[in-house]
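The values are calculated or read from the model by the stated rules, or taken from the named source; none is laboratory data. Owing to the predicted nature of the structure, the values given are computational and were not obtained by experimental measurement. Using ideal geometry, Cβ is built from the backbone for each residue, glycine included, and neighbour counts are taken over all protein chains shown.
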Amino acid sequence: MKLTILFDRLRWEEKALQKEAQALGANAALVDAKPLVFEISRVRRAREFGDVVLQRCISFYRTLYLTRILENLGVSVVNPYLVTESCGNKLLTTLILAKAKIPTPRTMISLSSDTVAESAQKMGFPVVLKPFVGSWGRMVSIARDKEALLSIVELREELQNPIEHMYYLQEFVKRPPRDVRAVVAGDEIAACVYRYAPEDDWRTNVARGGLTKALKPNKELREIIFRAADAVGGGVLGVDAMESEEGYLVHEVNNTVEFAGAQAATSGSIARKIAAYVISRARK
Ligand SMILES: Nc1ncnc2c1ncn2[C@@H]1O[C@H](COP(=O)(O)OP(=O)(O)O)[C@@H](O)[C@H]1O
Ligand SMILES: [Mg+2]
């Protein structure tokens with residue numbers, strides 16, 4: 001059984017995944033994706049990646065396209081291209097969650113800057129703005145009034161990337177200064193933690209200094225976690241939820257889940273559970 005773990009920056013997580021996969025009897029290779037080159041006009045069966053690939057690149061577009069290339073070459077990738085696409089774009093994730101009737105914060109899309117203030121007024125301030133593609137809380141901003149909102153819009157309009165000229169707006173959920181992160185591996189919750197926002201930030205991302213604390217999910221939370229994971233196609237995922245006055249709301253499903261923060265508050269090895277799931281996805 002040969003497993004390839006692809007990375008573009010080697011972190012603690014990838015090394016732990018390799019170690020645990022090897023402990024489970026797999027031959028697990030860490031491969032840097034950056035030097036890879038593919039002649040995509042030639043269709044062949046790629047055997048050099050082994051029976052299954054675990055995609056751990058940080059760059060979203062590298063992950064997305066490399067996964068698609070590998071699938072064309074007959075390689076089984078965790079997570080598959082469609083799951084990566086659905087999770088990597090917050091607009092697509094929200095569409096999927098809404099269609100599956102999974103509680104999610106009220107969200108509006110303005111297709112130009114002209115209607116952003118109107119959308120925000122409909123939902124009421126404060127309002128949260130998010131880039132369609134992004135992680136670690138980057139560019140996720142809160143506008144507490146119309147003036148703050150319009151200055152964010154003005155800055156966004158200066159950006160060269162046309163995707164930034166459409167706007168994802170969300171109600172600000174009145175939640176405690178924490179949210180929930182569940183690491184899902186197939187039909188198992190490998191870890192579930194609260195993430196507390198650091199003192200100087202309203203966002204709870206561990207990348208921004210958020211601290212984790214163990215959480216034993218109740219039936220309602222477990223159900224919503226699995227429903228969200230299933231809705232995007234399942235696999236190895238990080239489901240993020242907030243506690244609102246009306247119950248849990250899922251705001252994001254992460255495709256290449258970081259779990260060092262969750263591991264700090266969890267007793268069993270998260271990497272072991274992920275490795276076991278990936279091995280189970282090997283092409284027979
Ligand atoms: N609608 C919201 N209301 C309140 N807090 C939010 C809302 N959306 C996001 N946050 C906070 O901001 C953080 C980052 O938002 P998220 O949608 O998860 O983007 P990212 O992909 O950058 O992590 C969340 O973990 C949460 O703490
Ligand atoms: Mg998040």
| query | Could you say whether any residue in segment 93-103 is under 25 Å from W12 (Cβ atoms) and outside the structural domain of G137 (by TED's automatic domain parsing)? | reply | no
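Restricting to segment 111-131, name every residue that is crowded, with 19+ Cβ neighbours inside 10 Å and either away from ligand 2 (no atom under 16 Å from the Cβ) or hydrophobic (A, V, I, L, M, F, W, C) (or both). Show your work before the answer.
Step one: filter segment 111-131 for residues crowded, with 19+ Cβ neighbours inside 10 Å, giving 116, 120, 127-131.
Hits for segment 111-131 are V116, A120, V127, V128, L129.
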#### Entry: Any hit, segment 157-169, residues being in contact with a His (Cβ under 7 Å, 6 or more places away or on another chain) and free of Cβ contacts under 8 Å to residues at least 60 places away in the same chain
yes
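Would you check if V183 is in contact with a Gly (Cβ under 9 Å, 6 or more places away or on another chain) and at pLDDT 95 or above?
Details: in contact with a Gly (Cβ under 9 Å, 6 or more places away or on another chain): yes; at pLDDT 95 or above: yes.
Against the criterion (in contact with a Gly (Cβ under 9 Å, 6 or more places away or on another chain) and at pLDDT 95 or above), V183 qualifies.
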Could you please let me know if F38 is farther than 18 Å from G238 by Cα, in contact with a helix residue (DSSP H, G or I) (Cβ under 8 Å, 6 or more places away or on another chain), without any contact (Cβ under 8 Å) to a residue 40 or more places away in the chain and aromatic (F, W, Y)?
yes
### Query
Among the residues of segment 190-199, is any surrounded by fewer than 19 Cβ atoms within 10 Å (Cβ to Cβ), in contact with a helix residue (DSSP H, G or I) (Cβ under 7 Å, 6 or more places away or on another chain), of a type in the set (D, E) and at negative phi?
no
For segment 134-176 the number of residues that are in a loop (DSSP other than H, G, I, E, B), at pLDDT 95 or above and within 16 Å of ligand 2 (Cβ to nearest atom) is 4
Got at least one residue in segment 62-71 being of a type outside the set (D, E, K, R) and farther than 21 Å from G234 by Cβ? yes
(Q) For segment 210-230, check the following and say yes or no: at least one residue is touching a residue at least 24 places away in the same chain (Cβ under 8 Å), at positive phi and surrounded by 17 or more Cβ atoms within 10 Å (Cβ to Cβ). (A) no
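Considering only segment 153-169, I want to know if a residue exists there that is more than 11 Å from ligand 1 (Cβ to nearest atom), more than 24 Å from I270 (Cβ to Cβ), among the hydrophobic types (A, V, I, L, M, F, W, C) and in contact with a helix residue (DSSP H, G or I) (Cβ under 7 Å, 6 or more places away or on another chain). It would help to see each step written out before you state the result.
First pass over segment 153-169, keeping only residues more than 11 Å from ligand 1 (Cβ to nearest atom): 153-167.
Then keep just the ones that are more than 24 Å from I270 (Cβ to Cβ); that gives 153-167.
From the residues that got through so far, the ones that are among the hydrophobic types (A, V, I, L, M, F, W, C) too are 153, 155, 159, 163, 166.
Checking which are in contact with a helix residue (DSSP H, G or I) (Cβ under 7 Å, 6 or more places away or on another chain) leaves us with 153.
For segment 153-169, residues more than 11 Å from ligand 1 (Cβ to nearest atom), more than 24 Å from I270 (Cβ to Cβ), among the hydrophobic types (A, V, I, L, M, F, W, C) and in contact with a helix residue (DSSP H, G or I) (Cβ under 7 Å, 6 or more places away or on another chain): present.
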